[in-house]
1. Can you bin every Cα-Cα distance in the stretch 30-100 into 10 Å intervals starting at zero and give me the percent of pairs per bin, rounded to whole numbers?
2. Subtract the Cα-Cα distance of Arg65 and Leu196 from 0.36 nm times their separation in residues, and report this length gain in nm to one decimal.
3. Expressed as cubic angstrom per residue, what is the convex hull volume of the alpha carbon set of the stretch 145-203?
4. Between Leu126 and Asp90, take the C-beta separation as r, use R0 = 35 Å, and let me know the FRET efficiency to the nearest 0.05.
5. If one puts a single equal scatterer on every Cα of the stretch 111-186 and applies the Debye formula without solvent, what log₁₀ I(q)/I(0) results at q = 0.12, 0.18, 0.19, 0.22 Å⁻¹?
6. Suppose we look only past 12 Å in the calculated P(r) of the stretch 126-170. What percent of the Cα-Cα pairs does that tail hold?
Amino acid sequence: MSESDKHQGHKETGAETGVETGVDTDTDGVLAEVGPRLRRIRKERGATLAGLSSATGISVSTLSRLESGLRKPSLELLLPIARAHQVPLDELVGAPQVGDPRIRAAKPIVMHGRTHWPLTRQPGGLQAYKVLEPQRKLEPEPRTHEGYEWLYVLSGRLRLVLGEHDVVLGAGEAAEFDTRVPHWFGSTGEGPVEFLSLFGRQGERMHVRARPKKRGEDD
């Protein structure tokens, strides 16, 4: 026998014994739990092996071997059992549950009478807020600071004072600006306004601009 034949024979032996082939022990653990789970589900439903055999067409001996772990479960066997028990296939194999995909809203922050709901969780970088401004008439107090801001009005009307511009944004309108330019925004005094605010200290631009208020429109 050549050295290559010996090597090939060694590889095949390893495949049979599970040594050298990296058998997935996690998978083995999952499969080992299928039998006890099949027995538990059957007994919870008050079914016998004979009754389950009649419903699935699988022999009593095969079902018994499945439940005792002597027979490896396969899709061909598990599908009719799942149908007979009227349970999802995942319940038979113990698939992990999918985590809740919902993002829990952070607690609102109230500052100067304005309510902010943080929409981002990571510190630094771009920060997003949902903001509710109550109906009130305030005198604009423009300020400046480093960064770039983007506003999008969800409902109501938002007054924006930016440098020499004084505009009103309605629902569905947006504005972006360099916050080093003197700016102020708030209620027009006609009612509450709800809007989204995205702010980046490093000056990220959003590339959406608002339609300026037409001449003759109410402030």
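Just so you know, all these numbers are worked out from the coordinates, no wet-lab data involved. Remember, predicted model here, so these are calculated numbers, not experimental data. FYI the Cβ positions are ideal-geometry reconstructions off the backbone, even for glycines, and counts take in every protein chain you see.
1. 21, 60, 16, 3, 0
2. Stretched fully, the Arg65-Leu196 segment lengthens by 41.1 nm.
3. Residue-normalised Cα hull volume stands at 66 Å³.
4. 0.40
5. Each listed q maps to, in turn, -0.34, -0.81, -0.91, -1.23.
6. When every Cα pair of the stretch 126-170 is considered, 71 percent fall beyond 12 Å.
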